[in-house]
Amino acid sequence: MKEAETIYFTHLPKTGGTSLEKTLFRKVFSTEEIYQPRGYWAMLSDQRSFRYLGGHRPYGVHRLSTQVSSPRYYTMLRDPVERAISFYYECLWPRGNKKVADHPEHATTWRHDLVDFYRISRFRNVQARMLAGLWADVLGRYVSLDQIGMGAVVTTAAKRHLSEMYAAFGITERFEESRQWIAGSLGVDVAPIGGKHKTNPDRPTAEDLSENQRITLRRLNRLDVEIYEFASDLFDRRLP
C-alpha cells in the first residue's frame, strides 16, 4: 500500500464487512486516518484528508472528495439468498441491547414476509447496484432496475468495476481466504481468526426455505445472482 493511495471499502450489507473492518482495516489505519462522513453532502462539504473510508457507500464515492491520492477499492460479496435472509432478519428482530436502536426498516419487515419484502425495489439487487456505482444505488432505491430494462447496464458496470477497479475482494463463504488476500494486497500481515458466527443464530438459512422461496428470491435478486457467480469465478482465478 502506497502513501499516495486512499483505501475505500465498499461495505455491502450483511456480507461480513463489519468483521473484516474490525479484524483488518481498523488494525491498519489509525482513528485519525479513518473518515466517517454523515452522508454524501458531508463528503462534498467537508473535504478533509483521510487514508480510509468504509461504510455502506457504493463504488465511485471517491469522486465526491477532493482527495488527490489514488483510490484503491475493496469489498466483500455473499450468496444472494443467504444475504437476503440475513438482512431481512437483521431488520425484523429488535436489538437486544437498547443502546442500539432497532433497524430503520424494522416496521417494514413486520408488514411483509421474507419473499414479499424483496418485492420492494429498494431491497433488491443491492450488491450489483453498489458495485455498479452511485447512480445505480440511488436509482435502485426507487425503481426495480431489472424491470425497466437497466439490468444489463448495471451488471456490466458492476463486473467492470469489480474486475478492473477493485484491488482485491472477498467472498463471505470463504471469509478467511478473502481476508488474507485483501491483507496481502494491502501489504500487511494479519493473524487468522476463528470461525464466524451468525448475528441471529435462530434465523433460517437457504436450506431451511422451500424450493419455491429460494427460486423466487433468486429471481427477485437476479442481478445479484449474476454478479455473485461472476465474482466467485473471478475470485478463484485471482486468488494468490
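Throughout, read-outs are computed from the coordinates displayed, never taken from laboratory work. Because the structure is a prediction, the values reported are computed rather than measured. Glycine gets a Cβ as well: all are built from the backbone with ideal geometry, and neighbour counts include every protein chain shown.
Work from the charge dipole of the chain (Cβ charges, +1 for Lys and Arg, -1 for Asp and Glu, about the Cα centre) and give the residue of His62, Gly184, Tyr88 farthest towards its positive end.
Value: His62.
Could you work out the relative contact order of the stretch 1-78? I mean the mean sequence separation of Cα pairs under 8 Å and 6+ apart, divided by the number of residues, in percent.
Details: 100 pairs, mean separation 42.8, N = 78.
Relative CO of the stretch 1-78 lands at 55 percent.
On a 0 to 90 degree scale, rounded to 10, what angle separates helix 151-164 from the longest Cα axis of the chain?
30 degrees
Total Lys pairs in the stretch 5-238 closer than 25 Å by alpha-carbon, pairs eight or more apart in sequence or interchain only?
17
Enumerate the calculated ³J(HN,Hα) couplings along the stretch 216-226 in order (Karplus 6.51 cos²θ - 1.76 cosθ + 1.60, θ = phi - 60°), each rounded to whole Hz, writing x wherever the residue is Gly or Pro.
5, 5, 5, 5, 5, 10, 5, 5, 5, 4, 5
Taking the Cα centre of the chain as the origin and placing charges on Cβ (Lys, Arg +1; Asp, Glu -1), which of Ser49, Ile193, Thr155 is farthest toward the positive end of the dipole?
Of the options given, the answer is Ser49.
With only Lys, Arg, Asp and Glu charged, each at its Cβ (+1 for the first two, -1 for the last two), find how big the charge dipole of the stretch 17-164 is about the Cα centre; round to the nearest 20 debye.
Details: 22 positive and 14 negative charges, 55 e Å.
Roughly 260 debye for the stretch 17-164.
Taking every alpha carbon pair in the chain, what does the distance histogram look like in 5 angstrom bins from 0, in percent?
Here the calculated profile for the chain is 1, 6, 13, 17, 19, 18, 14, 8, 3, 1, 0.
List the pair-distance distribution P(r) of the stretch 116-240, using every Cα-Cα distance, as the percent of pairs falling in each 10 Å bin from 0 up to the bin containing the longest distance, rounded to whole percents.
Distribution as computed: 12, 35, 35, 18, 1 percent.
Amide H neighbours of Asp102 under 5 Å, counting only residues 5+ apart in sequence or on other chains, H built in-plane at 1.01 Å?
Here the answer is Arg95, since their amide H atoms fall under 5 Å of that of Asp102.
Taking the Cα centre of the chain as the origin and placing charges on Cβ (Lys, Arg +1; Asp, Glu -1), which of Tyr40, Thr10, Thr205 is farthest toward the positive end of the dipole?
Tyr40
Between beta-carbons, use under 14 Å as the cut-off and find the net charge around Thr156, counting Lys and Arg +1, Asp and Glu -1. Write out the running numbers ahead of the final one.
Values: positive: Arg129, Lys159, Arg160; negative: Asp146, Glu164, Glu226.
Residues close to Thr156 contribute a combined charge of 0.
Can you tally the net charge around Met43? Count Lys and Arg as +1, Asp and Glu as -1, for every other residue whose Cβ sits under 14 Å from the Cβ of Met43. Write out the running numbers ahead of the final one.
Working: positive: Arg38, Arg48, Arg57, Arg63; negative: Asp46.
Taking every other residue near Met43 into account, the sum is +3.
Read phi for every residue in the stretch 137-150 and hand back ³J(HN,Hα) as whole Hz from Karplus 6.51 cos²θ - 1.76 cosθ + 1.60, θ = phi - 60°, with x for Gly and Pro.
Calculated HN-Hα couplings, in order: 5, 5, 4, x, 6, 10, 9, 7, 5, 6, 8, 10, x, 9 Hz.
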